[in-house]
Structure formats: C-alpha cells, structure tokens
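What follows is a single structure, written as structure tokens, with notes after it.
The values are calculated or read from the model by the stated rules, or taken from the named source; none is laboratory data. Every value quoted in this text rests on a predicted model; they were computed, and no experiment measured them. Every residue, glycine as well, gets a Cβ built from its backbone with ideal geometry; the counts of neighbours run over all protein chains shown.
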Amino acid sequence: MHPTFSIVINTLNRASMLQKTLESLRWLNYPGEFEVVVVNGPSTDGSEEIIESWLPGVRAGKCDVENLSVSRNVGICMAQGEVVAFLDDDAIPEPEWLVQLSEAYDDPGVGAAGGTVFDYTGYSCQHRYCLVDRFGNADFTISGPTPHLSFPKSHRFPHLLGCNSSFRRSALLEIGGFDEEFEYYLDETDVCLRIVDAGYIIAQLPRAFVHHKFAASNLRYENRVTRCRYPILKNKIYFMLKHAREFHPIERILEEQQTFIQHHRNEVNRALGEKLLSESDGISFNLDLDRALEVGTRRGFEGPTAGAMIDQEKLRRYSGRFHPFGAIRRPTHDAVILVSRDFPPNHKGGIATFTRALADALAAEGHTVLVITESADVNRVDFEDGVWVHRMVVRHMTRSSAASERDVPQSIWNWSATAFQETTRVAAHRPISVVEAPSWDCEGVAFMLEGQWPLVTSLHTPLHSWIEYAPECRGNPEWMSSFVAPMLALERELMTRAHGVRANSRAILQKIEDAYHFLFDSTRTVIIPHGLPSHTPRRSPGPNSPLEILFVGRLEPRKGIDVLLEAIPQVLDSAPAVRFRIIGEDVGVGGGTHQERFLKDHGQRDWIECVTFEGYAAEEVLNEAYARCDIFVAPSRAESFGLVFLEAMREGRPVIGCAAGGVPEVVTHGLNGLLVEPGKVEPLVKALLRLIHDPIARVKMGEASRTIFEERFTSARMARDSLALYRLAGENHGAASS
C-alpha cells in the first residue's frame, strides 16, 4: 500500500534552512505520490521568495500569526493526501522516510506514525521513543514502541515529536486538528493524546529517520537556550488543566505545576550565571511567568476557545487540489558509499575534489550517495547538495587477525575500520550496492578483508611513485620497513582483490603494473577519466589587466615546482609585465620552503613583486584564480591524471603540462595547450613565452580546452560511466560469494 502523502512544512523566518529542507525532498524515494505544502508565517527574512522559487512544484499557504498550531491547521486544511506528515523547516528526512512511514498505515487502526529524530549532529539521537502522561511529563527511558498504551483514557500514551510526525488526515479532521491555544510547545502532544482518546493507535517506528538541525527561532538562541518561556509555561498549565482534571485532584495538578515552574526558574538562573541569557531575559522570565499563570489557568478551565480548531469554514477557505511533488526518480534505492578521508571543505588534494565531484554527480542522477570522511571534532551527518556526508572521528580500532597478519599500520587501520564501522551502522537500515575507496592510504583495507559489500578501488598516485620523489623518506630504513613495505603490499592486494578497479587513465595502469609487477584483471578494471561539474566559464581578464600565469598544486618536486621556479626568472627577464600566481601548500625542501629559497635568490630583482606565493587556498579563492588567469601551468614530473588541468580547462584556459603520466590523455599538444619534457627548464620557458607572446593561440587553445572539457571531462559523464563499473563490481562480488 502506498497512500498519498501531504508533507506540511510550517515556516517562520528560516529562509536558508527552508531551502535546504525543500531541496532534500527531491531525494525522497517514495514509490507513491506525495505533495509538499509550505505554510509561511509572518516571515520578514526572504522566506516568501524561497517559496515562490519552488512554485508550482509546492503548494503555498499563509499564516498571519506567529502560532504553530494555527499554521499547522492551515496545512491540514490545504492537504489533500491520505496522510499528513509534518516536517520542521530545519529538518532533513532520509530518503526512505515516507516508505517507512507508509508501512505503519497498512494497519487501518493506526491514526499516527513517526520515526527517529537525530539531533543537530545528524549522528546522535534527539528522540527515539517517548511516553507522555496527562500532566504533559515525558518519559524518554523506554526502549521500544508502546502501541499497547494506545487506548482511550490511557494515562500514559505514545508520543511523536512534531518534526517527524504523520497522521491519517481523516483522523486529524475527526479530532478537529490542532488546538490553537498551543502556539508552541505541547501542541503535538495534545494532538497525540486526542488521537489516542479517539481510539487510534500511534505507531512509534524504529526508523523513518529525520535529521533535526535545530535552527534559531524567535523563541530560542542559536546556542539552543530558550529565551521566551511564556508559551512553554502557559501551555503546560493549560495542558494539565485540560487533560489531568479527569484523573487527579486540583491539588495534585498544582503540585505538578509548581515543580515545572521551579525547574524553569532553575534553568534561567543557570543560563544567567553562564552568561547564556542577558539580564533583560531574566526580567522577562518573571513577567512571562505571571502572565502564563493567569492566562493558562483561565484558559485551562474554559477549554478551547471558539474557532481554535478546524471547522468546515476553515476547510472551505484553505482547500485545494493535490499536486504531486517532482522528486528525482531513482534507478535504484541502494546506496553508493564513497570513502575518502579528505573531503571539502577540509581538504588539500585531488582525491577530495574527485570524491566530491563524483558524489554530487551521482546524486544528481538520482542515486542515494553517502560519503564517509574524517571529522576533526564530533561524529556528524550532513546533507549537502543531495549527498549524505558522514564525518567521523577516527577511533583507535583493534586490528583484526587478517590486519595483523598483513602488518597494517595502526593509523591506516584506525581510519579504514572507523569507516567500515559507520558503513555497518548505515547498512542496518539502508541496502548498500557498492563501496568505493581510494588506493592512496589503502582506505578500503577493512572493507577488502571483511568482504561484506562489493568494493571498488579507485587508482590514484601510488605510494611507489610518491617514494621516488621523497629521498628523505627512502633514507629512513625503519620507516621503510615498518610502514612503506606493508603499505606497498596492501596497495597491491587492494588493486588485485577489489571487485572493481577505477583507473583515471591508461598511463596509471601502465605505471602501476610496471612498479608492482602484476597485470590488472580486465574483467575488473574500467578506465573512467576524472570529471568536474560543468558551469558557465567565469569572467575573463580585462584587456588592460597584466597577463597572469597560474600554478596550483603542492609545492614539491613531484609537482615540478622547482622547475617552474627556475623558469620564472628567465620568463620575467623577457616579459616583465607578466605575473605569476603560485597557490598550494609549500612542503619545503632541504630545510626551508620553496618560497624562502626563491626570495633568497631573487628577492632583489625588479620583478619580484610579480611573483606571489599564496599557500593553501579555499575553494572560492581557487575558483577566482582559475577564472582570472590567462595561462595555467603545472609541470609535474608524475601525475596519474591531473585534475588541476580540468579546473583550468573548465574556465576555457590554455594549459601547459609535461608529457608524463596521464597528462597527455588530458592535454593535447598544440590543441588545448602545450606539453614539454618533464624536469627540463628550457622547454618550459619556451612554452610559456610562446603563449605569452601569442594572444591568438591563447584564445584558440582556451576555446579548445572548454570544448574538450564539455565533451570528455564533466562529472555527469564520469557518474554515468561509473554505473557500469559498479554493476561489474556487484557481479564479481556475487560470483566470489557464491
């Protein structure tokens, strides 16, 4: 059964979060139909513009008062689905959310259902199971669902958190929807109680996950400290008088009331002492308390006011037609797991760039994609551009017997096993089709040894090649034996045992086969060039701007920075108006940095101001640098592929590289750039001067760069080609398991 759903989002001054919430709904994988109803309160922050940008894909409603229950009743009246699901405007549902909610409604006795809510980290639970009594007191200590307490007049009843709750629409209309006395706090609790009293079952689901990012509001600060407690105090008093008088004497209710008030007084005093609230907040609390006692008591004895519930007039005013939401239709619901210890925004290398581009492109094609990467602080899960990013703190993990036999270095095992553990946690509620991990640092070793899922190893610069340009490391026999030797063996095993191998170029296959003395299995290996997201090239340099040459990469011999720094003086002697911009981490050489040595040798030259060293740069700085440069140069001695060339080609820039590694598979000499002999200064000088003095060639090569990029190197093409690799890995895994 796939009932129609109406997802109702009630929003107030949360434009940025609302956009993320709406975006996340595109990845819901529900096989039935659902609509999205957004009810905007009296927002003043641009929420209306966000909603308008989603029309006609969503249905828009308006609530003129800051009252969540009024807003929810508008949404119920507008909703035309069989089930109304409420989602906060700062919450993100996981793709299976509606599927798992819908399963509860197979039972005709179920009137409401809700699932687990993760807190702002996306990893720890904010809410799983809860019981509430008729005083409005919550019990979070229960360990499972309590459908047996769903009966009329039950003193304790199952509770659903408002940001992840759903109701049979007919049941909501039967009880009159939300009591609009509850502008905020205990609003959904009151509904749950009345649903139970009407004879319906509340289903508390172990899954149906929602991530509650807990944005600031008019009632609380970003530090999650409540500043306005009037509705909380007033509604608690009102709730107890409304629902507990049938079961308890007034003296008992007043006792509960005083306990609740004292709790909040203590909370305010603590927050004041810790400077989390201001003195004016403390004064406001006492004023709010006096007003809450008066209003809550009076309304509690009077009962709901006229017009505070859904009636026929409201239904007529807000009704409309069901309008299916345009979610991405998925080719498969199984998840693709990409493991990468480096990932934006905290990254410094090509593996992170590759992983992000692949993840985003796969998600855009409709796939459920999870990236498991490292966190520097706490475990957290974020939804970013359609991708679930699991940032995990690396834990010390006991090596398995298989890992010990291979002498897997502890630091390598810690990360791979941490990523494996998180994948296992995810697999408990979501099927996984494939896991992909880079060959660098053998990130997939725990997955290979366990063999639980199809494993793809993506090839990047191998450790053997890195060692070639690290003489200081080769001279350390202890490190070579304790780290390098087992890692080289692990790399080889990963490349030969993985169910699928991604090669970004023919050159890297040849390089690895020569270095590691084996031949790749053609039934497991697919060549898929790297790709980047396509976009319209940014602004070109102005006609009067100095000609700018850009280098991006780690400042190390493997990247040829020493060759470039030797070439620069000769170029500037011939073309003093040219500017060189060098971006990348300076790893140094011979006890000092490359920048220090360059300035020591040339600091007195007239053109020294034309050479800038900028160090590691954030993504927006890099984007700007590629957009404004006239020529891009990266004279690497060894490069498995060279993503930096794609970044320049995407902007329509001519490129200069070396005829080494996979670079000739990206740069065609004389068409979109120039290739020179690696490690040689004079050929590089000639290539730079040729493009400096030939603006027509620069334009033609730049245009060719852009054309080649669009035809061969977009991330969309890379994602589509990856599907065949994943299918191949799945088949090989199945054959190995049978």
Exercise for the section: Among the candidates Arg706, Arg698, Arg653, Arg690, single out the residue that is of a type outside the set (Gly, Ala, Ser) and assigned to a loop (DSSP other than H, G, I, E, B). Expected result: Arg653
Exercise for the section: Confirm whether Met480 is at pLDDT 95 or above and not assigned by TED's automatic domain parsing to the domain that holds Gly588. Expected result: no
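In the stretch 365-388, which residue that is of a type in the set (A, V, I, L, M) and out of contact with any helix residue (DSSP H, G or I) (no Cβ under 7 Å at 6 or more places or on another chain) is surrounded by the most Cβ atoms within 10 Å (Cβ to Cβ)?
At the first step, the residues of the stretch 365-388 found to be of a type in the set (A, V, I, L, M) are 369-372, 376, 378, 381, 387.
Retained after the next criterion (residues that are out of contact with any helix residue (DSSP H, G or I) (no Cβ under 7 Å at 6 or more places or on another chain)): 376, 378, 381.
Numbers: Ala376: 8, Val378: 11, Val381: 22.
Here the residue is Val381.
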Handout entry: Residue match in the stretch 78-89 (condition: part of a helix (DSSP H, G or I) and at negative phi)
Key = yes
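Of the residues that sit in the stretch 104-134 and are assigned to a loop (DSSP other than H, G, I, E, B), among the aromatic types (Phe, Trp, Tyr) and touching a Phe, Trp or Tyr at 6+ places or on another chain (Cβ under 8 Å), which one is modelled with the highest pLDDT?
Of all residues in the stretch 104-134, those assigned to a loop (DSSP other than H, G, I, E, B) come to 105-109, 115-116, 119-124, 128-130, 134.
Filter once more, keeping what is among the aromatic types (Phe, Trp, Tyr): 105, 120, 123, 129.
Subsequent filtering for residues that are touching a Phe, Trp or Tyr at 6+ places or on another chain (Cβ under 8 Å) retains 120, 129.
Working: Tyr120: 90, Tyr129: 96.
Checked the stretch 104-134; the qualifying residue modelled with the highest pLDDT is Tyr129.
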Problem - Every residue from the stretch 686-699 that is out of contact with any Pro (no Cβ under 6 Å at 6 or more places or on another chain) and surrounded by fewer than 20 Cβ atoms within 10 Å (Cβ to Cβ) - result: Lys686, Leu689, Arg690, Ile692, His693, Asp694, Pro695, Ile696, Ala697, Val699
Exercise for the section: Give the number of residues within the stretch 136-159 that are touching a Cys at 6+ places or on another chain (Cβ under 6 Å) and under 14 Å from Leu186 (Cα atoms). Expected result: 2
Completion exercise
In the stretch 299-337, anything modelled with pLDDT of 95 or more and over 18 Å from Met78 (Cβ atoms) is listed as Val336, Ile337
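For a quick check of your reading: which helices (runs of 4 or more DSSP H) sit entirely within the stretch 419-495 and have at least 3 residues that are over 14 Å from Val339 (Cβ atoms)?
Details: elements: 445-450, 463-468, 471-474.
Result: 463-468, 471-474.
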Exercise for the section: Answer yes or no as to whether His530 is buried (at least 19 other Cβ atoms within 10 Å of the Cβ) and in a loop (DSSP other than H, G, I, E, B). Expected result: yes
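Does Ser71 satisfy the condition of being assigned to a helix (DSSP H, G or I), of a type in the set (Ser, Thr, Tyr) and out of contact with any helix residue (DSSP H, G or I) (no Cβ under 9 Å at 6 or more places or on another chain)? Full working, then the answer.
Working: assigned to a helix (DSSP H, G or I): yes; of a type in the set (Ser, Thr, Tyr): yes; out of contact with any helix residue (DSSP H, G or I) (no Cβ under 9 Å at 6 or more places or on another chain): yes.
Yes; evaluated as a whole, the condition is true for this residue.
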Practice task
Identify the single condition in (1) crowded, with 24+ Cβ neighbours inside 10 Å; (2) of a type in the set (Ser, Thr, Tyr); (3) assigned to a strand (DSSP E or B) that Ser640 does not satisfy, given that it satisfies every other one.
Solution key: (3)
Practice task
Mind listing whichever residues of the stretch 235-283 are of a type in the set (D, E, K, R), assigned to a helix (DSSP H, G or I) and either touching an Asp or Glu at 6+ places or on another chain (Cβ under 6 Å) or farther than 25 Å from Ser154 by Cβ (or both)?
Solution key: Arg265, Glu267, Arg270, Glu279, Asp281
Exercise for the section: Would you mention how many residues in the stretch 614-627 are touching an Asp or Glu at 6+ places or on another chain (Cβ under 7 Å) and hydrophobic (A, V, I, L, M, F, W, C)? Expected result: 1
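Every residue, every condition in (1) farther than 23 Å from Ile351 by Cα; (2) surrounded by fewer than 17 Cβ atoms within 10 Å (Cβ to Cβ); (3) at pLDDT below 95, yes or no:
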| residue | (1), (2), (3) |
| --- | --- |
| Pro546 | yes, yes, yes |
| Phe551 | no, no, no |
| Ile561 | no, no, no |
| Leu564 | yes, no, no |
| Gly588 | no, yes, yes |
| Asn623 | no, yes, yes |
| Tyr626 | no, no, no |
| Pro635 | no, no, no |
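Please find, within the stretch 135-152, the residue that is surrounded by the most Cβ atoms within 10 Å (Cβ to Cβ) out of those that are under 21 Å from Lys236 (Cβ atoms) and out of contact with any Phe, Trp or Tyr (no Cβ under 7 Å at 6 or more places or on another chain).
Keep residues of the stretch 135-152 that are under 21 Å from Lys236 (Cβ atoms), which gives 135-141.
Going one step further and asking which of them are out of contact with any Phe, Trp or Tyr (no Cβ under 7 Å at 6 or more places or on another chain), we end up with 135, 137-141.
Numbers: Phe135: 21, Asn137: 14, Ala138: 14, Asp139: 13, Phe140: 12, Thr141: 8.
Going through the qualifying residues, I end up with Phe135.
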Exercise for the section: Any chance you could count how many residues in the stretch 615-647 are among the polar types (S, T, N, Q) and under 17 Å from Ile508 (Cα atoms)? Expected result: 2
Problem - Inter-residue pairs, beta-carbon under 6 Å, first part of a helix (DSSP H, G or I) and in the stretch 305-330, second modelled with pLDDT of 95 or more, 6+ apart - result: Lys314/Cys77; Leu315/Cys77; Tyr318/Val74; Tyr318/Cys77; Tyr318/Met78
Fill in the blank from the handout: Arg341 meets each of (1) outside the structural domain of Thr461 (by TED's automatic domain parsing); (2) buried (at least 17 other Cβ atoms within 10 Å of the Cβ); (3) basic (Lys, Arg) with one exception, condition (1)
Problem - For Val36: the one exception among (1) within 18 Å of Glu188 (Cα to Cα); (2) crowded, with 24+ Cβ neighbours inside 10 Å - result: (1)
Handout entry: Test for Asp288: is it in the same structural domain as Thr368 (by TED's automatic domain parsing) and farther than 30 Å from Ser170 by Cα
Key = no
